[in-house]
Amino acid sequence: MCSLRVTTDADRLRTELRDNSVRVIDVRRAEDYKKDHIPKSVNLPLAVLLSDDDPQRVAKIAQSLGIDDQTPVVVYDDTFGALASRVAWTLEYLGHADVSLLEMTYGQWKSLGLETDQKEYLFGPKTHSVHPRPEILASADYLEKRKDQKGVILVDNRERLNYLEQHIPGAINIPYRTLASEDRILRPHDELKRLLKNRGVVDDAEVITYCGSVGTLSGLAYYALKSIDYPNVKLYVRSFKEWKGLNKPTTKQENADYWDLSAE
């Protein structure tokens, strides 16, 4: 099972909204959603989801938003796609196949003069099954066993300075900011492929992404990799905060004064 699409553009979303053929999730804070939002979108603040992201609870949340197994879902935020990515990945882990990211932020949507609304939307409850997908999740124990194996690439998506100061041994750094273009949450496919190739991330590897704490920045990287058809990508969802808290090994970049910018 895999996502039918990774990103959705504004024109397609507007058509699907007119056809009532999609459920749109706004993951911003409730107070921001109440000010204005994309028409017919429902609000699921990331903090609400992360308070307990057990698949059974996530299924109940999806059901309360009028989402069943077949409902196409598009998720958006106003934070360069990172928060939306974490919500989308959680739905994907639940077993929801058709979930994608709006290819732009809400701020970009508004800057284009596209429709907004202040009405709070509620939909009748649906039934959603629970079929967790462990193949897209990496735990700390899994990562410790796999990170030094041939064909496994560990990617740290934090800012350079955080990576240079401390990271999981063997990880390479692809800061989340390098994944975006000026007007989209992800670069065009050819640019992403070139970036990853220059960083040595080959498409036949098992790629595990992580960031600082809850898998937002690395969630964006997860979808960047999916957008260019990397078949085996996992998210270490609890990320460096958990790794360090478990007293797992960390390392510091020895030559912190040097950085290769050739990939950018």
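Each value in this text was obtained by applying a stated rule to the coordinates, not by laboratory testing. Note that the coordinates shown come from a computational prediction; the quantities given were computed from them, not determined experimentally. Because the Cβ atoms are built from the backbone with ideal geometry, glycine has one as well, and the counts that use them run over all protein chains shown.
By per-residue mean of other Cβ atoms within 10 Å, what is the highest-first order of 113-125, 59-71?
59-71, 113-125
Two-decimal Rg/Rh of the range 65-170 from alpha-carbon positions, Kirkwood Rh?
Here Rg/Rh amounts to 1.07.
May I have the convex hull volume per residue, in Å³, for the Cα set of the range 43-124?
98
Tell me what the chain gives for mean residue ellipticity at 222 nm when only DSSP H runs of n ≥ 4 count, each as -39,500 (n - 2.57), the sum divided by the residue total, rounded to 500 deg cm²/dmol.
-9000 deg cm²/dmol
Viscosity 1.567 mPa s, temperature 4 °C: what is the translational diffusion coefficient of the chain from Stokes-Einstein with a Kirkwood Rh over Cα pairs, rounded to a whole number of µm²/s?
Roughly 69 µm²/s, to the nearest whole number.
When the Cα centres of the range 128-159 and the range 1-40 are compared, how far apart do they sit, in Å?
Value for the Cα centre distance between the two parts: 28 Å.
Sequence-distant or interchain residues sharing an amide H contact under 5 Å with S100, placed H: which?
V73, V74, V75
Normalising by the residue count of the chain, find the relative contact order in percent from Cα pairs under 8 Å and 6+ residues apart.
Normalised by residue count, the contact order of the chain is 20 percent.
Where the Cα atoms of the range 137-245 are projected onto their three principal axes, how long is each span, largest first, in whole Å?
The Cα atoms of the range 137-245 stretch 37, 27, 21 Å along the principal axes, largest first.
Which peptide among 93-101, 150-158, 75-83, 15-23 comes first, and what is the full order, when sorted by highest mean count of other Cβ atoms within 10 Å?
75-83, 93-101, 150-158, 15-23
Take the Cβ-Cβ distance between R5 and K252 as r, set R0 to 41 Å, and report the resulting FRET efficiency rounded to the nearest 0.05.
0.55
Counting Lys and Arg as +1 and Asp and Glu as -1, what is the net charge of the other residues whose Cβ lies under 12 Å from the Cβ of E144?
That works out to +1.
Which residue, T216, W109, V74, has the largest displacement toward the positive end of the dipole of the chain when charges sit on each Cβ (Lys, Arg +1; Asp, Glu -1)?
T216
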